[in-house]
Amino acid sequence: MGPARDTLTAMAEVLRVDASKPDARAILRAADVLRSGGLVAFPTETVYGLGGLALNEASLARIFAAKGRPLTHPLIAHVLDMAQAQTLTTLVTPSAKRLAAAFWPGPLTLVCDRAEHVPALLTGGSPSVAIRAPAHPIARALLAAVAEPIAAPSANRYQSISPTAAVHVQNALGNMVDLILDGGSCSSGIESTVVDVRSDPAQILRPGPLSLSVLQGVWSNIEPGATAAEQGHARPSPGMDARHYAPRASLVVVDSALAAIELAKHYLMRDNERVALLLYGHHADAMAHAVRTMPERAEDYARLLYATLHELDDAKMDLVIVQAVPHTDEWEGVRDRLHRASAPISSLD
Ligand code: TXA
Ligand code: MG
């Protein structure tokens, strides 16, 4: 397969790959596609990534075009390990060393000083570069096969929900990518925690599967950073628009299950809108076109969140009423994504 696709309407080839034992031939094929400048969507433990060679400007340009993402929003470079990360940065700070030693491979992205040879296109022109060593066996096999860093934003169109299954990628970007490695569902379900390790204290730029307290257990000098609600128009991390990760349906977060159920009743009586309820814990009196009972553990909730929103979009819901999740540290990643998904259009960049 060549780098230039014949037409933009050709659909991507999909290869099923056993996540526990990635097939060597499928991985070599994917590596060939990458090396010839093509795009490969692949599973990571967080969400599916849209991969291209991180040090190849033509590949990077194709990623931005496929996503419809502004060039100022930097991409994450995926690496196999710290040795490969060091080729992308001029400085591995003590905090970066400790955090990587504890959480790599895993759902942690470190923002470091960028080495000079790293394309400005990768970093959105910023002097920093975001680096992550994913844990997923398919991602790792692919990284080992190409033997160079892979740039991979989440494999969705700009400002829509990230994919946690291959079918989500197919639906959103099927005609923009050359190959999709289908390794089943992602285990974390929300994007990696992003930490700026250049500053002291280090700062969380995007909450994720690794909570503040878990990170602090390894490196205590780390701060939460602004929440999505506090950020408003200011964007400490480029690409962190308030309205990111949004479903097509309008999404509103309300404080209690009772209020959510009442609001749903109100809409059901008033309009002929299709209304969905996203509750955690079972509520027998819940009434809507779709009622989803979400798990009560943050980790389990996160794993199902995007898949559930994708499913409600596919079911053509107009409004998704979400019961707010607890205000505790372990829920911060989920709370952040719900807030972004519910941001009013007026907060668009
Ligand atoms: O879990 C993940 O991180 C997934 C999987 C595929 O690895 N990737 C992902 O990439 O979510 P993306 O491009 O959708 O999100 C990248 C985020 C940006 O929103 C931005 O917050 C941050 O990483 N980022 C990237 N480069 C940065 C930089 N140089 N400085 C600050 N933040 C940066
Ligand atoms: Mg994304």
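The values are calculated or read from the model by the stated rules, or taken from the named source; none is laboratory data. Remember, predicted model here, so these are calculated numbers, not experimental data. Note that we place each Cβ from the backbone using ideal geometry, even for glycine, and neighbour counts take in every protein chain shown.
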Exactly one of Leu55, Leu75 is among the hydrophobic types (A, V, I, L, M, F, W, C) and touching a helix residue (DSSP H, G or I) at 6+ places or on another chain (Cβ under 6 Å), and that one is Leu75
If we keep only residues of segment 163-191 that are in contact (Cβ under 8 Å) with a residue 60 or more places away in the chain and of a type in the set (Val, Ile, Thr), then the residue nearest to ligand 2 (Cβ to nearest atom) is Ile190
Could you tell me whether Val92 is over 17 Å from Ala166 (Cα atoms) and free of Cβ contacts under 8 Å to residues at least 40 places away in the same chain? yes
Given the condition part of a helix (DSSP H, G or I), more than 23 Å from Ser187 (Cα to Cα) and assigned by TED's automatic domain parsing to the domain that holds Asp18, answer yes or no: does some residue in segment 133-143 qualify?
no
Of Ala120, Ala147, the only residue that is free of Cβ contacts under 8 Å to residues at least 24 places away in the same chain and either closer than 16 Å to Ala202 by Cβ or within 11 Å of ligand 1 (Cβ to nearest atom) (or both) is Ala120
Within segment 192-215, restricting to residues that are in a loop (DSSP other than H, G, I, E, B) and more than 16 Å from ligand 2 (Cβ to nearest atom), the one that is surrounded by the fewest Cβ atoms within 10 Å (Cβ to Cβ) is Asp200
Requested in this report: Inspect all residues belonging to segment 144-154 and state whether any of them is more than 30 Å from Asn221 (Cβ to Cβ), buried (at least 20 other Cβ atoms within 10 Å of the Cβ) and not assigned by TED's automatic domain parsing to the domain that holds Leu305.
Outcome: yes
(request) Determine, yes or no, whether Arg248 is out of contact with any Ser or Thr (no Cβ under 6 Å at 6 or more places or on another chain) and modelled with pLDDT under 95. (result) yes
Only one of Val167, Val129 is in a strand (DSSP E or B) and either surrounded by fewer than 23 Cβ atoms within 10 Å (Cβ to Cβ) or of a type in the set (Val, Ile, Thr) (or both), namely Val129
